[in-house]
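Asker: Here it is, the structure in full.
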Amino acid sequence: MAAAVKLDKSNKVTPVKTWNSEDAYDKYTESTLKSYKDSYYINLPYDSFSSDDSYTEHVYDGGCIFVSALREEMGSVAFDNALKDYYKTYKYGIATTDDFVSMIRKYDPTGKTQDTIDIFIKQ
């Protein structure tokens, strides 16, 4: 299984929890994050990236890490409730990054996720 990571303001990557003894995902996560040149932002336009590979690493791989970190910080119940509400609210419409972030904040009244949001979402 996967591990969630915690990123601090200096972009230091620290695995938060590993469910199995396998280190493959942790190593992949760390190496992926270290490969990001300027930022971890996952919501930049396509033409902001130097190559298709850079776009893929940031948006898809970084997105996976971002969601895993949110789940770990909020707890599975609150995170799942946020996703259910997000789906219910936007299922036949168009949602923005701000809509997603607002929903996460709604279900995270303690503000634990703010550092992770600041690292991954350019606002």
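The values are calculated or read from the model by the stated rules, or taken from the named source; none is laboratory data. Only a predicted model underlies this, so the values are computations on that prediction, with no experimental measurement involved. Using ideal geometry, Cβ is built from the backbone for each residue, glycine included, and neighbour counts are taken over all protein chains shown.
Asker: When the residues of the range 50-59 are narrowed to those that are modelled with pLDDT of 85 or more and under 23 Å from D98 (Cβ atoms), which ends up farthest from the chain's Cα centre (by Cα)?
Answerer: Ranking the qualifying residues of the range 50-59, first place goes to Y55.
Asker: Step by step: first the residues of the range 60-82, then only those that are more than 20 Å from D115 (Cβ to Cβ) and either at pLDDT below 90 or hydrophobic (A, V, I, L, M, F, W, C) (or both), then the one that is surrounded by the most Cβ atoms within 10 Å (Cβ to Cβ). Which residue is that?
Answerer: Result: Y60.
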